[in-house]
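FYI, it's all coordinate maths here, none of it is from the lab. None of the values given here were measured: they were computed from a predicted structure. Using ideal geometry, Cβ is built from the backbone for each residue, glycine included, and neighbour counts are taken over all protein chains shown.
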Amino acid sequence: MNILSSIWKAVSRGFHRLGSPREFYTISNYLTPVFGALFLVLSLIGSYYALFVAPADYQQGDSYRILFVHVPSAWLSLFIYVVMASAAAIGLVWRMKMAFVVAICSAPIGAAFTSLALATGSLWGAPIWGTWWEWDARLTSELILLFLYFGVMALYYAFEERRTAERAMAVLAVVGVVIVPIIHFSVEWWSSLHQGATVFREGGPAMPPSMLTPLIYMALGFTFFYGYILFLRARNMVLSNERKSKWVRALLQPQTLQPQGLPSKILQAESGKEGTQ
Amino acid sequence: MNWSEFFYMGGYAFYVWTAWGITAFALCWLFLQAKLSNAKIKSEIIRQIAREAILSENNADSN
Amino acid sequence: MNNTFILFCQREWQLLFRNTSNLVQPLCFFVIIALLFPFSLPLENELLQRIGGGIIWVSAVLAILMSLESMFRADFNDGALEQWLIHPRSLPLAMLAKVFAHWCATGLILALFSPILCLAFRIPAEQIWVLFLGLIIGTPSLSLIGAIGAALTVTLHRGGVLLAIIILPLYIPILIFGAGMITQSYSGAAIYSQLYALLAILALAITLAPFAIAGALRTTIE
């Protein structure tokens, strides 16, 4: 019981530490390169297996190799939406600035992965189904998800005041995530009316390990890529939002001076502007 | 390893390589956009610090 | 009479029914949009019958979307909205009353008028009843979910297009079930699954949307 409570205490302390922008910046100094390295390693291994080692499919030939970028993109698009909505909810409940930062920085990445899933899906469907678009349940749900992402981003950038913007965006993200299962269910029902005889299986529900392994590698690699880009963007946003605070000033102050302490070109340029005014 | 066969991808070369290509492009674009934005924000803040340093110097001089 | 819900309903009804153009505008928009389709599509009677239900549903969705913009606008402009945030009455209940009154002035009227519009599309009598039922059950959900969007965008100057962008994806399930009801009934099958789905969405919307609307208002105002 004591071990559990001490673990819980450590987790909640870490959670609240991450909530402070300054702490997040310090922690992400170490975490960001780790995520980037993990992404590179996992994706390179996964790509090698996907392109060179995995055998060609019996029915679809080599075109099925698109699966190894399509499926991870689709998984990520859903995963990122859930992360975004969770971060939004945490921000609203605990009033954490960092949670809102995570939410708004995730939105463009999620939209990118959703577009990627749609595009690679189209490219896969063109030779296999014979058409670039199909009103399949998953494709339609992905398209609606893309609009949900756009809505969240559009709402955030419509407001002038940042605090209002992030809280409004958070409300929309939470409302969206409640409706996403309903959307998915309704679209599946609707497309089952239209589908008829053709059933599209992505490599079949029982995948041989030679196909499953690279898929898992690519999926994990993409997830770490999401973490990497999220942290990069979150660091940018933290710097931008906290630019008036002391720790940001202290961080960037040394870059305004040259080693000998003489005023750098920046100072000269700025003082030149001052002189002409 | 038969490279020409590999690139041919059993006739699906266009589709497979376009799909993998736009994926790589999208990932690179996300990365570059984050880096460019970083440089832009840092230069903005540095210029702001420099401006304030000059303003405080001028105030100190006039005082 | 001290009941929050009834007080707000009375207030909204007075404001809405004071000017009858408030009631007529959504209806006119609904009818005009629906009638645009026969002009633009080369349709024989058979085809018109089959897609008429869907067209009427889309027109209803768009008409309600148009009317959402002005839902909170007047109250925001004269400061009443801020007063509601401060006073001790339950804001979610007040918002439920406001949406109910809004539905009475838009969705209810559209649903009541829909059988007449069905004549333009030569929809058979069986499907007219199905369409009416679907609209009666679906339009309150549209008003409730739309009010969340209206609350989020009320402080923005040109929030109309943004409202449409954020709300329309959330409308899609209702549209699918409502229009699907008509298609299903046209091919002779029972419509219970879509009916129950619409009722479920309505139940979810009535219970959760007022809190979301209140939360959205508290977020965007001050």
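For the stretch A:108-149, taking the reciprocal of the average inverse distance between every pair of different Cα atoms yields a Kirkwood hydrodynamic radius of 10.4 Å. Here the dipole of the stretch C:1-145 is about 200 debye; that uses its Cα centre as origin and unit charges on the Cβ of Lys and Arg (positive) and Asp and Glu (negative).
So how tilted is helix A:67-94 from the main axis of chain A? Cα-based, degrees 0 to 90, rounded to 10. Result, in degrees: 50.
Restricted to Cα atoms, the stretch C:91-167 shows a radius of gyration and a Dmax of 15.1, 45 angstrom.
To the nearest 10 degrees, how steep is helix B:13-62 against the longest Cα principal axis of chain B, on a 0 to 90 scale? Relative to chain B, helix B:13-62 is tipped by roughly 10 degrees. Inter-chain neighbour count for C:157-169: the average number of beta-carbon atoms from partner chains within 10 Å of each residue's beta-carbon is 4.
Do any of A:244/B:35; A:97/A:244; A:246/B:42 go past 20 Å between their Cα atoms, and which? Listed pairs above 20 Å: A:244/B:35.
Solvent-free Debye calculation, one equal scatterer per alpha-carbon of the protein assembly as shown: log10 I(q)/I(0) at 0.05, 0.06, 0.09 Å⁻¹ equals -0.28, -0.40, -0.85.
The local environment of residue A:239, defined by Cβ-Cβ distances under 10 Å, has a net charge of +1 under the rule Lys, Arg +1 and Asp, Glu -1.
Karplus-derived 3J(HN,Hα) values for the stretch C:58-73, using 6.51 cos²θ - 1.76 cosθ + 1.60 with θ = phi - 60°, are 4, 5, 5, 4, 5, 5, 5, 4, 4, 7, 6, 3, 8, 4, 9, 4 Hz; glycine and proline are entered as x. Taking the C-alpha atoms only, the angle from helix C:107-120 to the longest principal axis of chain C is near 20 degrees. Taken about its Cα centre, chain A carries a charge dipole of roughly 1380 debye when the Cβ of each Lys and Arg holds +1 and the Cβ of each Asp and Glu holds -1. Per-residue mean of foreign Cβ neighbours for A:109-121 is 3 (Cβ atoms of other chains, 10 Å radius).
From the Kirkwood radius over Cα pairs of chain A, Stokes-Einstein at 4 °C and 1.567 mPa s returns a whole-number translational diffusion coefficient of 60 µm²/s. Here the sum of -39500 (n - 2.57) over DSSP H runs of 4 or more residues, divided by the residues of the protein assembly as shown, equals -28500 deg cm²/dmol at 222 nm, to the nearest 500. Counting, for every residue in C:193-206, the Cβ atoms of other protein chains within 10 Å of its Cβ and taking the mean gives 1.
Note that the stretch A:17-104, at 37 °C in a medium of 0.692 mPa s, gets a Stokes-Einstein diffusion coefficient of 207 µm²/s from its Kirkwood radius over C-alpha pairs. Of A:191, A:47, A:12, the residue with the greatest mean-square motion in the GNM of chain A, using alpha carbon springs below 10 Å, is A:12. Take every Cα-Cα distance within the stretch C:7-126, group them into 5 Å bins from 0 onward, and report for each bin the whole-number percent of pairs it holds. Binned Cα distances yield the sequence 2, 10, 19, 19, 14, 11, 9, 7, 5, 3, 1, 0.
Over chain C, the fraction of Cα-Cα pairs per 10 Å bin, rounded to whole percents and listed from the shortest bin up, is 8, 33, 34, 18, 6, 1.
Principal axis analysis of the Cα atoms in the stretch A:87-234 yields extents of 51, 34, 24 Å, listed in decreasing size.
In summary, the convex hull built on the alpha carbon positions of the stretch B:10-51 has an orientation-averaged projected area of 2.8 nm².
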